[in-house]
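A.B. asks: Take a look at this one; I'll ask things after.
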Amino acid sequence: MSNQNLGGAKMAKNDEFYTQLTDINKEIQAYLDYNPDIFRDKTVLLPCDDPKWSNFTKFFALNFQLFGIKRLISTSYALDAKKAKYGIEPSLFPEEEYDPKFDPSKWQTRGKIFILDRDINGDDRIDFDDLQWDYLEGDGDFRSREVTQLRNDADIVITNPPFSLFREFIAWLMEGGIQFSIIGNMNAITYKEVFPLIKDNKVWLGPSISSGDREFGVPKEYPLNAAGWRIDENGNHFIRVKGVRWFTNIEHGRRHEPLSLMTMADNIKFSSHKDLRGRKEYQHYDNYDAIEVPYTDAIPSDYDGKMGVPISFLDKYCPEQFEIIGQTQGDSGKELGLKPFDRELKKLNPSLRDGQLYYMENGIPVKPYARILIRKQQL
C-alpha cells in the first residue's frame, strides 16, 4: 500500500489495520532481549483491541505466564461507532450472543473491556480462554474518562492505534507518563506533536521495522486497491503498507549501537549511490550552515558540523553518537533560522518555500526531501 493510499485511509478515517502476530512478536522480543523482566508484574493495556480481530490480545494472552504479566486489559470500540467511522458491519465476539452478559441493547453502542488476570476455567493455565469481558459505560474511545483511567492504572500500553488519530493518541500517552509501543506511519516523525519528543529522546523508533512494507489484516469492506493485497483461504483480507514504524519509549539494544562511518573522501570514492559517487565534495546548503547527506550510510566520520539527513536516519539513530538539532518540515525550518528564498530562485524552482533547505546544483536551486539536522555528539 502506498503512502498515498495511507493518506487516503487517513482522510476517510478508514484505518482499521490489524497487525500480524509475527510483527508483534519481533518487536516485543527485542524489548525482552534488552530487559527480560519488562512485563513482569506489570499491567498491560491494549486500548484499541477487540480480541475478535486483534492479534495483540491473542499474543499477550498466549504469553501471559511466560512474560510474568500481572494483568492484561483490552478495550474495544463500540460497533455502531466503528460502522459510522469505518463502514464495518457489526459482528459478535465468538459465542458472545450465548453469554449471560450479552445485552442486545448494548452490544452495538457500548465498547467492551476484556480482562485476563487469573485461571477461570481451572486448567492450571492463564491464557486466552480465561479472558473475561463486560461492557464499558461508553463507546470505548481512548479519550473517554473510563479508558483514560485504565491508562492511569496501567504500566505499559501496546497497540496499533487508528492512523487518523495518531497525534492525539501519542499526546494521550505522554500525558499519562506511561511506557508504550505503538505502530504509526513514518511520516509521523515530522509531526509537530511528535518530533520534539524524538529530539528530546522521550520517544524513539522501535527495533524490528526499518525498511520495506508490512502486511495488515483489514475488514472485508475495505477496498483492496493497494499495491499489494491478498485474500486467504478463509476469506480474510490483507494489504501491504509501506512506511510503517514502531514508536516507543521502551529501551532496546539497537538504539545504543553506533553507526559505522567512513570519511567524506571514502564515501565519495566508494559509495554505492551513483548520485554521490564521483563528486568532489558534499553539497552545502545555501540557506543554512550544514551539508546535505542524502543517505544514512553516507554520514561522514570526519565532519563535526551540522548535517541534513533523511528521516530514515532515525532507524539507526544512536543518541550517544549524534545530537538531533531539528527538522525542516512545516514551520520548523523557520524556527531554525533558514534564510528565505529570493524571487529569482523561486522562478528557477517554483516548488521552493520559505523555511525549507535548498542547495544549488548546475545553477538550479534543489530542495531535498524531508531532512533531520544532526551533528556528532561533542565530547
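The values are calculated or read from the model by the stated rules, or taken from the named source; none is laboratory data. Note that the structure is predicted; figures quoted are calculated from it, not measured. We place every Cβ from the backbone using ideal geometry, glycine too, and count neighbours over all the protein chains shown. When the accessible area is computed, the model is the full protein with side chains, heavy atoms only, and any ligands, DNA or RNA have been set aside. Shrake-Rupley method; radii C 1.70, N 1.55, O 1.52, S 1.80 Å.
A.B. asks: If you go through the stretch 200-221 one residue at a time, how many are open to solvent by 20 Å² or more (accessible area, probe 1.4 Å) and either hydroxyl-bearing (Ser, Thr, Tyr) or modelled with pLDDT under 75 (or both)?
C.D. replies: The total comes to 9.
A.B. asks: Search the stretch 362-379 for residues that are polar (S, T, N, Q) and pair each with any residue that is open to solvent by 20 Å² or more (accessible area, probe 1.4 Å) when their beta-carbon atoms are under 7 Å apart and the residues are at least 6 apart or on different chains.
C.D. replies: Pairs that qualify, where the first residue is polar (S, T, N, Q) and the partner is open to solvent by 20 Å² or more (accessible area, probe 1.4 Å), are GLN377/GLU320; GLN377/GLN321; GLN377/GLU323.
A.B. asks: Here's a follow-up. Checking LYS192 against (1) out of contact with any Ser or Thr (no Cβ under 9 Å at 6 or more places or on another chain); (2) in contact (Cβ under 8 Å) with a residue 40 or more places away in the chain; (3) among the basic types (Lys, Arg); (4) open to solvent by 20 Å² or more (accessible area, probe 1.4 Å): exactly one of these is not met. Which one?
C.D. replies: (1)
A.B. asks: From the residues in the stretch 129-155 that are assigned to a loop (DSSP other than H, G, I, E, B) and among the charged types (D, E, K, R), which one is farthest from LYS106 (Cα to Cα)?
C.D. replies: Among those residues, the one meeting the criterion is ASP155.
A.B. asks: In the set LEU173, LEU165, LEU197, which member is modelled with pLDDT of 90 or more, touching a strand residue (DSSP E or B) at 6+ places or on another chain (Cβ under 6 Å) and either assigned to a helix (DSSP H, G or I) or not β-branched (Val, Ile, Thr) (or both)?
C.D. replies: So the residue among LEU173, LEU165, LEU197 that is modelled with pLDDT of 90 or more, touching a strand residue (DSSP E or B) at 6+ places or on another chain (Cβ under 6 Å) and either assigned to a helix (DSSP H, G or I) or not β-branched (Val, Ile, Thr) (or both) is LEU173.
A.B. asks: Let me ask another. Please specify each residue of the stretch 266-287 satisfying the condition of being open to solvent by less than 30 Å² (accessible area, probe 1.4 Å) and either out of contact with any helix residue (DSSP H, G or I) (no Cβ under 7 Å at 6 or more places or on another chain) or in a helix (DSSP H, G or I) (or both).
C.D. replies: ASN267, ILE268, TYR285, ASN287
A.B. asks: Being farther than 22 Å from MET186 by Cα, polar (S, T, N, Q), touching a Phe, Trp or Tyr at 6+ places or on another chain (Cβ under 9 Å) and modelled with pLDDT under 90 is true for just one of ASN349, ASN362. Which residue is that?
C.D. replies: Details: ASN362 fails: touching a Phe, Trp or Tyr at 6+ places or on another chain (Cβ under 9 Å).
Only one candidate passes the filter, namely ASN349.
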